[in-house]
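Data first, discussion second: the structure below is written as structure tokens.
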Amino acid sequence: MLSRKRKRLLLKLLSLFSTVRGYNILVIILAQYLTSIFILSPDLPLSQVIFDPNLLVIVLATAGVIAAGYIINNFYDKEKDLINRPQKTLLDKFISQQTKLTVYFILNFLSVILASYISFKAVLFFTGYVFGIWFYSHKLKRYPIVGNVVASLLAITPFFAVFIYYKNFEEVIFVHATFLGLILMVREMTKDLENLKGDLVQNYKTVPVVYGEQMSKNIITTLTLFCLLPIYLLLAYYEVGYMYMYFYLSVFLLLIFLIGLWRSTDKIQYVWLHFILKFIIVLGVFSIVLIDVHMILDRISWI
């Protein structure tokens, strides 16, 4: 049996993990490594990528900034989340706001210090990333369209970081990035429908609050249809290996998403739609290895 003190410590650790959304950060770390291995540096030996100290620093610095970003977002949205996510908010309350802010500053400071190991440009990049997340949480997320676009750009920045490091400017990478960016935009706007009640109470000027649910669904539908364009380009003009199965499945899931979108009227239904989009994103991370299955065995032999 755990003592009362240990139970409270465990709850605080769970609360911190929930606040920084540790599960999302783990997925992002995996995505950065898989993207580096299979898309950005396909000609390098596997060991050279995995054990690259500079890449490790970029991944750790990114994880620190994102974790801090979730904390500051939680800080500004505490009233809204109490309405939209009451159970999660109760768990998050096991850690005081003062402690959260302290962890926020420590994580950002350590991330910038880590970036200094690479170069002064890396320091500027991550300092800008920190500022961008804070400014979004503090101000921009309360505005329609602008908040959604900025949120999507911030979400894709971790991949931009490794993209700059490897200096790989092939067209196919931009097509992949366009698909991911559009999916993230659709997810952000679906979240606005999901959080409509809290946004109304807290006077967040999101698309469904300002223009109504019908307009929001029209925009989401347009963005979802635009997602089909990079999928078509990737399948028709680029070599994606067995990852073609993922893109066909994505088309099927997006069609289900659109049907569900126009039939949805309450929060639970929008939560399920959000889950479909998250599933597409996470599945896409693991599907990166399908780009060239034979390359896995070849590169392992080079270790």
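Here are some notes:
Yes/no matrix, rows are residues, columns are (1) under 17 Å from ILE231 (Cα atoms); (2) without any contact (Cβ under 8 Å) to a residue 60 or more places away in the chain; (3) under 17 Å from the mean Cα position of the chain (by Cα):
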{"residue": "TYR244", "(1), (2), (3)": "yes, yes, no"}
{"residue": "VAL251", "(1), (2), (3)": "yes, yes, no"}
{"residue": "LEU258", "(1), (2), (3)": "yes, yes, no"}
{"residue": "ARG263", "(1), (2), (3)": "no, yes, no"}
{"residue": "ILE268", "(1), (2), (3)": "no, yes, no"}
{"residue": "HIS274", "(1), (2), (3)": "no, no, yes"}
{"residue": "LYS278", "(1), (2), (3)": "no, no, yes"}
{"residue": "VAL285", "(1), (2), (3)": "yes, no, yes"}
{"residue": "LEU290", "(1), (2), (3)": "yes, yes, no"}
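- Filtered by the rule that a residue be more than 30 Å from LYS205 (Cβ to Cβ) and surrounded by fewer than 16 Cβ atoms within 10 Å (Cβ to Cβ), region 100-149 gives THR102, ILE106, PHE109, LEU110, ILE113, SER116, TYR117, SER119, PHE120, LYS121, LEU124.
- For ASN168, the conditions (1) more than 26 Å from LEU44 (Cβ to Cβ); (2) polar (S, T, N, Q); (3) more than 20 Å from the chain's Cα centre (by Cα) are fulfilled apart from (1).
- Scan of region 242-278 for residues that are in contact with a Phe, Trp or Tyr (Cβ under 8 Å, 6 or more places away or on another chain), modelled with pLDDT of 95 or more and hydroxyl-bearing (Ser, Thr, Tyr), ordered by number: none
- Looking only at region 179-219, and only at residues there that are surrounded by fewer than 17 Cβ atoms within 10 Å (Cβ to Cβ) and among the polar types (S, T, N, Q), the one that is nearest to MET243 (Cα to Cα): ASN218
The values are calculated or read from the model by the stated rules, or taken from the named source; none is laboratory data. This is a predicted model, so every value here is computed, not measured. Positions of Cβ are generated from backbone atoms using ideal geometry, with glycine treated the same way; all protein chains shown enter the neighbour counts.
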